1. Which residue out of 90, 142, 107 is out of contact with any Pro (no Cβ under 8 Å at 6 or more places or on another chain) and more than 13 Å from ligand 1 (Cβ to nearest atom)?
2. Can we say residue 96 is of a type outside the set (S, T, N, Q), away from ligand 1 (no atom under 11 Å from the Cβ), at pLDDT 95 or above and open to solvent by less than 40 Å² (accessible area, probe 1.4 Å)?
3. Which condition from (1) closer than 25 Å to residue 9 by Cα; (2) within 11 Å of ligand 2 (Cβ to nearest atom); (3) surrounded by 17 or more Cβ atoms within 10 Å (Cβ to Cβ) is the one that residue 67 breaks?
4. Starting from the range 91-116, take each residue that is without any contact (Cβ under 8 Å) to a residue 60 or more places away in the chain and list its partners that are open to solvent by 40 Å² or more (accessible area, probe 1.4 Å) and among the polar types (S, T, N, Q), counting only C-beta distances under 8 angstrom and pairs at least six apart or across chains.
5. Report yes if some residue within the range 11-31 is of a type in the set (A, V, I, L, M, F, W, C), in contact with a Gly (Cβ under 7 Å, 6 or more places away or on another chain) and surrounded by 15 or more Cβ atoms within 10 Å (Cβ to Cβ); otherwise report no.
6. Can you tell me which of (1) within 23 Å of residue 15 (Cα to Cα); (2) open to solvent by 40 Å² or more (accessible area, probe 1.4 Å); (3) within 16 Å of ligand 2 (Cβ to nearest atom); (4) over 13 Å from the mean Cα position of the chain (by Cα) is the one residue 140 doesn't meet?
7. Identify the residue in the range 99-127 that is assigned to a helix (DSSP H, G or I) and small (Gly, Ala, Ser) and, among all such residues, is surrounded by the fewest Cβ atoms within 10 Å (Cβ to Cβ).
8. Is there a residue being under 27 Å from residue 11 (Cβ atoms), within 16 Å of ligand 2 (Cβ to nearest atom) and modelled with pLDDT of 95 or more anywhere in the range 111-122?
Amino acid sequence: MASEDKGTTVTRDQLIELLNQDLAREYQAIIAYVVYSQALKGAQYMSIAKELEVHAGEELQHALTIAKHVDYLGGMPVATALPVVLTEEATAMLRADLNNENDTIRAYRQRLKQCEALGEYAIAEDIREILRQEQEHQQDLATALGEDVPDVSKPAAERK
Ligand SMILES: [Fe+2]
Ligand SMILES: [Fe+2]
């Protein structure tokens with residue numbers, strides 16, 4: 001993840017590369033939510049399973065928005081997802097989703113600053129709205145796991 005560590009000042013080409021990493025993460029989220037929303041078993045998980053279906057649709061909209069901005073900046077949107085954890089265990093699915101959302105929120109908080117530093121205010125505005133939805137996803141998952149929402153201002157290495 002060294003490429004995630006460029007600080008606030010990036011070039012336009014680096015921003016394209018970073019947004020493509022975000023896009024690969026959005027694809028991962030779409031796939032995970034499609035699979036997990038259908039594979040979750042157990043009466044206690046039926047309401048979160050419905051919620052995950054809603055997330056899948058929101059992640060698709062995020063992917064379209066990020067791909068649009070990669071194209072706008074003159075890049076080619078990637079076509080490959082980050083890997084998705086395959087498990088039949090409900091809490092392992094929810095944990096994988098929560099870890100991904102935490103990574104996503106960290107990345108978009110950084111991206112927002114990078115876009116603003118480059119004067120790309122319209123992209124920043126769209127990322128702000130995506131970030132708001134990612135935090136709702138994070139909250140839904142933490143609640144389903146019976147946990148407090150994790151503090152993602154800390155580095156990812158400290159995740160459980
Ligand atoms: Fe997303
Ligand atoms: Fe999300």
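1. Just a single option satisfies the conditions, and that option is 90.
2. Taking the combined requirement at face value, the residue satisfies it.
3. Failing condition for residue 67: (2).
4. Qualifying pairs under 8 Å: 105/135.
5. So far as the range 11-31 goes, yes, one or more of its residues are of a type in the set (A, V, I, L, M, F, W, C), in contact with a Gly (Cβ under 7 Å, 6 or more places away or on another chain) and surrounded by 15 or more Cβ atoms within 10 Å (Cβ to Cβ).
6. Result: residue 140 passes all but (1).
7. The selected residue is 122.
8. The answer is yes, given that some residue of the range 111-122 is under 27 Å from residue 11 (Cβ atoms), within 16 Å of ligand 2 (Cβ to nearest atom) and modelled with pLDDT of 95 or more.
The values are calculated or read from the model by the stated rules, or taken from the named source; none is laboratory data. Computed from a predicted model, the values in this text were never measured in an experiment. With ideal geometry, Cβ positions are generated from the backbone for all residues, glycine too; neighbour counts draw on all protein chains shown. With ligands, DNA and RNA removed, areas are computed over all heavy atoms of the protein, side chains included. Shrake-Rupley method; radii C 1.70, N 1.55, O 1.52, S 1.80 Å.
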